[in-house]
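Participant: Take this structure first; my questions come after.
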Amino acid sequence: MAEAEAEAAVVEAGYRAAHCYGSWEDFSAGFILGRCLHFDDEKFGSWYQEMVTVHKILTSDPGSPWLNIPFR
């Protein structure tokens, strides 16, 4: 994939996400649920716990892009 194509794909994904979710937190919850159901054999196992830890860091660390870059 060429750089321009990759950039266009990222911009389109961001546009679609902004229409489906209201915040970084909502986006994260949807991502975590989908990934856990796929990778944890449709259970909330160890992968879920790891992703919740990442979610908490991204919503609380002052240097987090989620606290410094607007979702929309």
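Participant: Take Ala29 and tell me if it is out of contact with any Asp or Glu (no Cβ under 6 Å at 6 or more places or on another chain), closer than 22 Å to Arg72 by Cα, assigned to a helix (DSSP H, G or I) and modelled with pLDDT of 90 or more.
Facilitator: No.
Participant: Read through the list (1) open to solvent by 80 Å² or more (accessible area, probe 1.4 Å); (2) outside any helix (DSSP H, G or I); (3) among the hydrophobic types (A, V, I, L, M, F, W, C), then give the number of the only condition that Val10 fails.
Facilitator: That leaves (2) as the condition not met.
Participant: Follow-up question, since we're still on this one. Gly63 is checked against (1) of a type outside the set (A, V, I, L, M, F, W, C); (2) open to solvent by less than 70 Å² (accessible area, probe 1.4 Å); (3) under 15 Å from the mean Cα position of the chain (by Cα) and fails just one. What number does that condition carry?
Facilitator: Going through (1) of a type outside the set (A, V, I, L, M, F, W, C); (2) open to solvent by less than 70 Å² (accessible area, probe 1.4 Å); (3) under 15 Å from the mean Cα position of the chain (by Cα) one by one, Gly63 breaks only (3).
Participant: Follow-up question, since we're still on this one. Out of curiosity, is Tyr15 modelled with pLDDT of 90 or more, of a type in the set (Ser, Thr, Tyr) and outside any loop (DSSP other than H, G, I, E, B)?
Facilitator: yes
Participant: Among the residues of the range 32-72, write down those that are in a loop (DSSP other than H, G, I, E, B), at pLDDT 90 or above and either farther than 25 Å from Arg16 by Cβ or of a type in the set (Phe, Trp, Tyr) (or both).
Facilitator: Asp61, Pro62, Gly63, listed by residue number.
Participant: Kindly provide the set of residues from the range 26-39 that are within 19 Å of Phe71 (Cα to Cα) and either open to solvent by less than 40 Å² (accessible area, probe 1.4 Å) or in contact (Cβ under 8 Å) with a residue 40 or more places away in the chain (or both), ordered by number.
Facilitator: Phe27, Ser28, Gly30, Ile32
The values are calculated or read from the model by the stated rules, or taken from the named source; none is laboratory data. Everything numeric here is computed off the predicted structure, so don't read it as measured data. Ideal geometry is used to build each Cβ from the backbone, glycine not excepted, and the neighbour counts take in all protein chains shown. The area values use the complete protein model at the heavy-atom level, side chains included, leaving out ligands, DNA and RNA. Shrake-Rupley method; radii C 1.70, N 1.55, O 1.52, S 1.80 Å.
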